[in-house]
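The values are calculated or read from the model by the stated rules, or taken from the named source; none is laboratory data. All of these numbers come straight from a predicted model, not from anything done at the bench. Cβ: placed from backbone, ideal geometry, glycine included. Neighbour counts: every protein chain shown. SASA here: full protein model, heavy atoms, side chains in, ligands and nucleic acids out. Shrake-Rupley method; radii C 1.70, N 1.55, O 1.52, S 1.80 Å.
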Amino acid sequence: MLKTFTRLYVKNIDSALVFYEQLLNTKPSLRFTYPAAHLELAGIGDFLLLAGSEEALASFRETKATCIVDSILEFRTHLLNQGSEIIRDIREVPTGKNMTIKHPDGTIIEYVEFKQEVK
């Protein structure tokens, strides 16, 4: 695992970024749109901001964190062997590949293998 982002669901990504830039004294390490999901996302520090309408965010709100991994296939196998269950299997997304997994304790986590390094 390379990095873990705590997810924050916000109404307006621009105003939220102003606050987190001042709070953390840093700029976003990534920012992109996810047109298929009608979302805008930004990573700043250890937070991943997701912005969109209530309807667009609804199916993502139960996901508690995003973990950046070096090999999504290896993590998929490992997690399934540990009793996790697939919510959304591996698919292509704007930043690379992702999957959403429910851990044995019920926690839902997104795993992402980025096309490029994330700081």
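Of all residues in segment 21-53 being of a type in the set (G, A, S) and within 16 Å of T6 (Cβ to Cβ), which is surrounded by the fewest Cβ atoms within 10 Å (Cβ to Cβ)? Give the derivation first.
Of segment 21-53, the ones of a type in the set (G, A, S) are 29, 36-37, 42-43, 45, 51-53.
Applying the additional criterion that residues be within 16 Å of T6 (Cβ to Cβ) yields 29, 42-43, 45, 51.
Details: S29: 14, A42: 23, G43: 20, G45: 16, A51: 22.
It comes out as S29.
Here is a check on your reading of the model: is V10 at pLDDT 95 or above, open to solvent by 30 Å² or more (accessible area, probe 1.4 Å), hydrophobic (A, V, I, L, M, F, W, C) and out of contact with any Lys or Arg (no Cβ under 6 Å at 6 or more places or on another chain)?
In short, no.
Which numbered condition trips up E62, out of (1) more than 19 Å from L2 (Cα to Cα); (2) surrounded by 15 or more Cβ atoms within 10 Å (Cβ to Cβ); (3) not basic (K, R)?
Condition not satisfied by E62: (2).
Can you work out which of the residues in segment 64-86 that are of a type in the set (V, I, T) and over 11 Å from H103 (Cα atoms) is nearest to the chain's Cα centre (by Cα)?
Once the filter is applied, the top-ranked residue is T66.
Quick test for you: out of E54, E92, pick the one residue that is among the acidic types (D, E) and in contact with a strand residue (DSSP E or B) (Cβ under 9 Å, 6 or more places away or on another chain).
E92
Does segment 29-52 include one or more residues that are over 16 Å from the mean Cα position of the chain (by Cα) and modelled with pLDDT of 95 or more?
No - not one qualifying residue is present in segment 29-52.
Quick one: how many residues across segment 1-38 are among the hydrophobic types (A, V, I, L, M, F, W, C) and not in a strand (DSSP E or B)?
Total meeting the criteria: 11.
Looking only at segment 71-119, count every residue that is at pLDDT 95 or above, open to solvent by less than 50 Å² (accessible area, probe 1.4 Å) and of a type in the set (A, V, I, L, M, F, W, C) and tell me the total.
Adding up the residues that qualify gives 8.
Can you name every residue in segment 69-119 that is hydroxyl-bearing (S, T, Y), within 23 Å of S29 (Cβ to Cβ) and out of contact with any helix residue (DSSP H, G or I) (no Cβ under 7 Å at 6 or more places or on another chain)? Can you show your working first?
We begin by selecting, within segment 69-119, every residue hydroxyl-bearing (S, T, Y); these are 71, 77, 84, 95, 100, 107, 111.
Subset that is within 23 Å of S29 (Cβ to Cβ): 71, 95, 100, 111.
The answer is S71, T95, T100.
Need the failing condition index for A56 against (1) in contact with a helix residue (DSSP H, G or I) (Cβ under 7 Å, 6 or more places away or on another chain); (2) surrounded by 18 or more Cβ atoms within 10 Å (Cβ to Cβ); (3) not β-branched (V, I, T), just the number.
If we test A56 against (1) in contact with a helix residue (DSSP H, G or I) (Cβ under 7 Å, 6 or more places away or on another chain); (2) surrounded by 18 or more Cβ atoms within 10 Å (Cβ to Cβ); (3) not β-branched (V, I, T), just (2) comes out false.
Anything in segment 13-28 that is on the phi < 0 side of the Ramachandran plot and either within 12 Å of the chain's Cα centre (by Cα) or not hydrophobic (A, V, I, L, M, F, W, C) (or both)? List them, or say none.
The answer is D14, S15, Y20, E21, Q22, T26, K27, P28.
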